[in-house]
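See structure below.
What follows is calculated from the coordinates using simple rules that are stated; it is not laboratory data. Remember, it's a predicted structure, so these values are computed and weren't measured experimentally. Heads up, the Cβs are rebuilt from the backbone with ideal geometry, glycines too, and the neighbour counts pull from every protein chain shown.
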Amino acid sequence: METEMTSGLKELFSSAPETTWRIDQEGFDPYQEHDIESLFTIGNGYLGVRGSSEPLGRFSRPAMFVAGLFSPEPRLQMPQLVVCPFPFSVKLCIDGHCLDPEPHVPEEHRRILDLKRGMMLREWVLDDGDGKRTALRAVRGASLENRHVLFQYLEIEPLNYSGDVEVQFMIPGSASNMGGISHLTLEEASPLPDIGTISRFKTKNDEELAIASISQPWFSDELEVSHTSEGGDESSDATESWRWHSKQGETYGFTRIVSVSTERMNDSPRDQVILDSQEWLSKPMADVIGGQIDSWELLWRDSDVKIKGDDFYQQALRFYLYHMLISANPDDPEVSIGARTLSGEGYNGHVFWDTETFMFPFFVATQPEMARALIKYRHLTLDGARRKAKDLGFEGAYYPWESALTGDEVTPKEVYVEDEDRAIPIHTGFLQTHITADVALAVRRYWHATGDDTFMREGGLEILLETARFWKSRSVEGPDECFHIEDLQGPDEYHIYVNDNAYTNYMASWNVLRALETLEWMRENYPTDAETILAGCEMDQSEIEGLQDYATRIYFPDDPDAPAIEQFRGFFELDSRTVAEHGRKDGPLSQAMEPDLLQKTQILKQPDILLLFQLFPELACKKGFRKNFEYYEPRCDHGSSLSYPTHALLAARLGKFDMALDYLGLTARLDLDDVMGNAALGIHAATAGGLWQAIVFGFGGLRYDEESDSVLVDPRLPDHWESLEFCAFDHGEIFEITITNNPVSWEIRTRVSENGKTKQIRSSSP
């Protein structure tokens, strides 16, 4: 046994990074556990484990989520991300008395989310009620070397007693989603031949989930230790127990490896998790932790953004970058990122436009392999988008507002509000058509940034053509000889069944034009592929010519005398009072005003027209950027977490620094301070991406210019920021950009790797 390891966790705590690289929780408030557990999630894109404590208490909402593991929700008839058994469950017994954590609130409790190294560290003191005090230290992580593997290290130190101690490592035999819905049936909970346990579950749609757990003490060989592994009936936990007589002041340590797999990932998940856990148990802790540190160092090399002179935003940004990095898996294009990541049950784990519009730019700029997997998901689920279009009487591909594994529309038709005893209809599934163009935009932006012609040949062009075809079939030609898109909902969700939403119409036109442009490129460079794709889509030259005509005649409001771009036809005829003029004091107006009354106002839930200026900064000099911002900003109610970062970004571009920082502050602390009051449901993934965009695109002024095929910067730094550094990937090169302040200057360096080292090959400055 490895007696020298018993000081390992103390060293990990003492070497925890400085404050902008970690999130700390001091003390223990059981009533805040649901929120804290979301914030302290560890993951690797395949597995996400909430930051629940060990031992667990009734105030905890422990959960493990496996990417792509959905099961039918019986009442709403839609797939729901499955809550899986918590893999870090531990029970501590002293002199035969197993401690219930509820009456024994931990003393001197500290929890650290180590953003730099991708681990959660926890240390606390537990009193058994009879005065026996035990110090515990625990470290957990999700491996990036093998994404099926979780590791846990635990140390136990009797502070004022000697006595018999038992530690139980458990995989619970059941787990439930909110509302008490259990998607899993236990098939097996058995001891392994030597040490460890194996648990197998089946979902309601008969997919197997396998979890192996193996532990090992670090004790001296001279210490007498007994060991048992147990499992059994249909609801039992799989438990591995270690018992020994402890001495006061001595430290006793354990390694625990948990491996998780499903049938989607492996034909024999049971055999695979046993093999993985046994292999990883044999690795010294120093190697496992060292590998984790190296893997995260590589991720942070290109993903980190350095803000000198403002620790507040530095810490918050790294917190959100961490959560995006643990949500994507470059090796698994069959899944995408849910709106609340793998940190909570919000939105049932479904994928929205949040991924392409708010998170995707970060991945394209810093982790192109992750970006490729995310956009490949949209190609693999293209048939689901085709089915939706066909079911609703349209052509081409109509991407679902909410999707899961198959890409079919899974938005619930209504949501039941128990407190009000009523069902609220959900319109987004068939009204928010703009997501189709949002996906097309991500396809083009990925291709432009990476030059990945293979993806465009193998799926990208097919997406662009099928989405272009959808827009034409979704439109009607009016007496003004323009094409109109009617009965829809734009990004602003307070207004439904509107006509000619300007955001949607602009995006549709852009989608069709870029599809035709990409087709022309494909015909010139890969003519055989172009004809194969056209044949697969059953698209002939007459339809292509029809699309060309359609794209130039989509209606878009362009009245120079109007106060702004009209959000949709008839918008300027509505009650034009601002949010302040409506007298809002606390909370969004939607909480105080009925939806039908709210729809008669110009109050917005979130940016609509303004989002165009975020996505297309080249519009700033063409469409009255400042005029539009100053019209719509006072009318935005910020009823969505998507709202704050867009306003921060645009205000920064306009040099409205006080306003920009106000919005940036709300964005940065949205989950850390639970601004929306629902952090327990998981991290707001779009806000994470939005904060990066606000800082890099807004304050940093980064811009990908398609016309000049270059990376540009036009920074707008707050006075107290000394410098800003970030990376941007473009056409196979990483650009390292450093902006210094007072006076503003910048340098763009192109980094290439030679023999594992970085070399500066070009630099430029204003």
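Below is a table of values for the structure above.
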quantity: Between the range 148-178 and the range 677-713, the Cα center-to-center distance that results, in Å; calculated: 40 Å
quantity: Charge tally in the Cβ shell below 14 Å around Leu670, where Lys, Arg are +1 and Asp, Glu are -1, Leu670 excluded; calculated: -4
quantity: Unpaired by the 4.7 Å Cβ criterion, cysteines found in the chain; calculated: Cys84, Cys482, Cys537, Cys621, Cys636, Cys727
quantity: Sites Asp487 and Glu545 - FRET efficiency at Förster radius 35 Å, r taken between beta-carbons, to 0.05; calculated: 0.80
quantity: Label-point separation in nm, Tyr416 to Arg553, each point 7 Å along Cα→Cβ; calculated: 4.9 nm
quantity: Rough spin-label spacing in nm, given labels placed 7 Å along Cα→Cβ, for Glu477 and Thr750; calculated: 4.8 nm
quantity: Sorted by Cβ density within 10 Å, fewest first, the residues Leu115, Leu81, Leu299, Leu159; calculated: Leu159, Leu299, Leu115, Leu81
quantity: Highest-first arrangement of 340-351, 709-720, 458-469, 167-178, where packing means the average Cβ count within 10 Å; calculated: 340-351, 458-469, 167-178, 709-720
quantity: Sum of side-chain charges, Glu297 neighbourhood, beta-carbon under 14 Å (Lys, Arg +1; Asp, Glu -1); calculated: -1
quantity: Förster radius 30 Å - calculated FRET efficiency between Glu594 and Arg569 (Cβ-Cβ, nearest 0.05); calculated: 0.80
quantity: Full-stretch length increase - Tyr31, Glu581 - with 0.36 nm per residue and alpha-carbon distance subtracted; calculated: 194.3 nm
quantity: Between the range 228-276 and the range 397-469, the Cα center-to-center distance that results, in Å; calculated: 40 Å
quantity: Neighbour-count ranking [beta-carbon atoms within 10 angstrom, fewest first] of Lys132, Lys202; calculated: Lys202, Lys132
quantity: Inter-part distance where the range 624-642 and the range 64-89 are each reduced to a Cα centre, Å; calculated: 37 Å
quantity: Gyration tensor (alpha-carbon) shape descriptor, the range 367-556, a/c threshold 1.5; calculated: oblate
quantity: Prolate/oblate/rounded call for the chain, Cα gyration tensor, a/c under 1.5 rounded; calculated: prolate
quantity: Cut-off 11 Å between beta-carbons: net charge of the residues surrounding Ser52, Lys and Arg +1, Asp and Glu -1; calculated: +2
quantity: For the range 252-375: rounded, prolate or oblate by the Cα gyration tensor [a/c cutoff 1.5]; calculated: oblate
quantity: FRET efficiency estimate (nearest 0.05) - Cβ-Cβ, Arg669 to Glu230, R0 41 angstrom; calculated: 0.35
